[in-house]
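Novice: Once you've had a glance at the structure underneath, I'll fire off some questions.
The values are calculated or read from the model by the stated rules, or taken from the named source; none is laboratory data. Since this is a predicted model, take the numbers as computed values, not measurements. Positions of Cβ are generated from backbone atoms using ideal geometry, with glycine treated the same way; all protein chains shown enter the neighbour counts.
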Amino acid sequence: MAAKSVKPTCSCKATEKPVDLGFVEEAESAESLLSYRFPSKVGGRPAWLALDNIPGVESVSCRSCGKSCVLLLQVYCPDDNSTNCFHRSVFVFVCRESKCYQTDSTSYFRVFRSQLPRNNLFYSDQPPVVQIASGEWKETDGEFPKRSAADFNKLCIICGGLGPKACAKCKVASYCSKEHQKLDWRVHKQECVKGLKEISDRSSSSALFPEFKLITETEECDVIDDENDAEEVKYEEINRQSEQQSGESFLSGELENMALSESEEDKVFQKFKCKIDRDPDQVLRYQKGGEPLWVSSKHIPSPDDIPACSCGAKRQFEFQVIIYSSQLLNHLGVDNLGESLDWGTLAVYTCAVNCDIGDSYAEEFLWKQDFHQDTR
């Protein structure tokens with residue numbers, strides 16, 4: 001008779017900050033993802049927080065090819081400890097050119113922080129929705145300014161970034177670059193010939209990732225001895241492989257001997273896999289001031305690898321984007337090998353003191369760690 005499989009329990013330290021997990025869902029409506037609703041979302045055009053002084057074209061361009069990056073995701077993350085951060089969002093942009101994707105390179109990503117006090121130039125000091133006793137959200141009474149960045153800037157009708165280039169004939173359509181103007185020409189040509197003064201919606205443009213709502217919930221995790229976690233996680237993997245091959249499981253002593261021979265690389269990945277497999281649909285792990293969950297023992301940044309903010313303050317980890325479960329790739333429509341954004345994880349670091357940037361945007365830092373050949 002086969003011995004009973006050893007079942008691992010995923011661990012977290014009692015002193016760790018809680019982790020909020022992000023999941024992708026269909027939005028109730030397109031309006032729910034607009035700026036004045038302060039969304040967290042994946043894909044589509046950015047729902048800019050500060051509606052003026054948005055990042056310039058060069059700021060949101062790929063450092064490898066120079067083409068415009070598009071929104072990967074944005075996270076609405078106010079900071080109650082700062083009056084300047086009553087509203088706060090972090091935006092992650094990525095280049096769509098697969099030729100720019102290189103192992104452990106971050107040249108094709110751009111990250112920005114935007115924050116506003118409660119009283120600001122763009123939004124009411126009262127929220128447009130409130131949470132009622134049942135836990136549901138409902139609209140509050142009163143009129144709220146439904147402003148967007150288009151009220152303050154000419155925006156590219158493709159990507160939603162600044163659009164300093166205009167159609168030479170109609171002067172109505174604006175673009176961030178020649179690439180996006182060329183991409184849009186077949187559609188805009190008909191509008192231009194007819195002399196239309198309003199541009200049709202381009203939210204389904206092939207240049208953009210499909211748009212979804214990003215919701216969060218706190219991760220539930222048992223507290224056990226973290227030193228034994230890697231070994232316990234490995235037991236399940238060894239058991240699984242054994243049962244597939246022979247239909248029998250190893251005895252615990254045999255498992256211990258096999259676990260001792262595993263490499264540090266194995267332990268790091270198994271810890272990562274254990275955490276992710278508990279909630280396999282997660283695409284985001286938010287733990288401001290915490291530590292990323294690395295997929296590999298290789299290419300982990302040292303403190304010196306994380307540059308200080310332009311204000312001189314240190315940056316701290318805020319959240320990471322998860323790709324291991326492929327849920328994000330599936331939603332983005334890039335799960336085939338030809339154009340896959342197959343990173344291990346993206347770790348975003350932001351100014352630890354949320355330095356005052358007014359109604360502008362501050363560029364922050366991203367570290368990309370890929371799966372290596374001996375990982376997975």
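Novice: Identify all residues within region 50-90 that are part of a loop (DSSP other than H, G, I, E, B), more than 15 Å from TYR108 (Cβ to Cβ) and not hydrophobic (A, V, I, L, M, F, W, C); write none if there are none.
Specialist: Within region 50-90, ASP52, ASN53, PRO55, GLY56, PRO78, ASP79, ASP80, ASN81, SER82 qualify.
Novice: Where residues in region 112-123 are crowded, with 22+ Cβ neighbours inside 10 Å and over 11 Å from ILE357 (Cα atoms), which of them is modelled with the lowest pLDDT?
Specialist: Result: TYR123.
Novice: Select from region 124-153 the residues that are at pLDDT below 90, among the aromatic types (Phe, Trp, Tyr) and either surrounded by 15 or more Cβ atoms within 10 Å (Cβ to Cβ) or touching a Gly at 6+ places or on another chain (Cβ under 8 Å) (or both) and list them in ascending order.
Specialist: Correct list: PHE144 only.
Novice: Ok, one more. SER59 versus (1) under 22 Å from GLY333 (Cα atoms); (2) surrounded by fewer than 19 Cβ atoms within 10 Å (Cβ to Cβ); (3) modelled with pLDDT of 95 or more: which is the lone unmet condition?
Specialist: The failed condition is (1).
Novice: Looking only at region 154-212, which residues are at pLDDT 85 or above and on the phi > 0 side of the Ramachandran plot?
Specialist: GLY160
Novice: Of everything in region 318-352, what is at pLDDT 95 or above and either surrounded by fewer than 22 Cβ atoms within 10 Å (Cβ to Cβ) or over 13 Å from the mean Cα position of the chain (by Cα) (or both)? Give them in sequence order.
Specialist: THR350, CYS351, ALA352
Novice: Among the residues of region 262-269, is there at least one that is closer than 30 Å to ASP79 by Cα, outside any helix (DSSP H, G or I) and either modelled with pLDDT under 90 or charged (D, E, K, R) (or both)?
Specialist: For region 262-269, residues closer than 30 Å to ASP79 by Cα, outside any helix (DSSP H, G or I) and either modelled with pLDDT under 90 or charged (D, E, K, R) (or both): absent.
Novice: Moving on. Would you check if GLY22 is of a type outside the set (Ser, Thr, Tyr) and more than 14 Å from the chain's Cα centre (by Cα)?
Specialist: Judged against the criteria, GLY22 is not a match.
Novice: On the given criteria, is PHE371 assigned to a helix (DSSP H, G or I), at pLDDT below 95 and among the hydrophobic types (A, V, I, L, M, F, W, C)?
Specialist: Criteria not met by PHE371.
Novice: Okay, next question. Here's a check for you: in region 33-49, which residue that is under 19 Å from the mean Cα position of the chain (by Cα) and either part of a helix (DSSP H, G or I) or of a type in the set (A, V, I, L, M) (or both) is farthest from TYR123 (Cα to Cα)?
Specialist: Applying the filter and picking the extreme gives VAL42.
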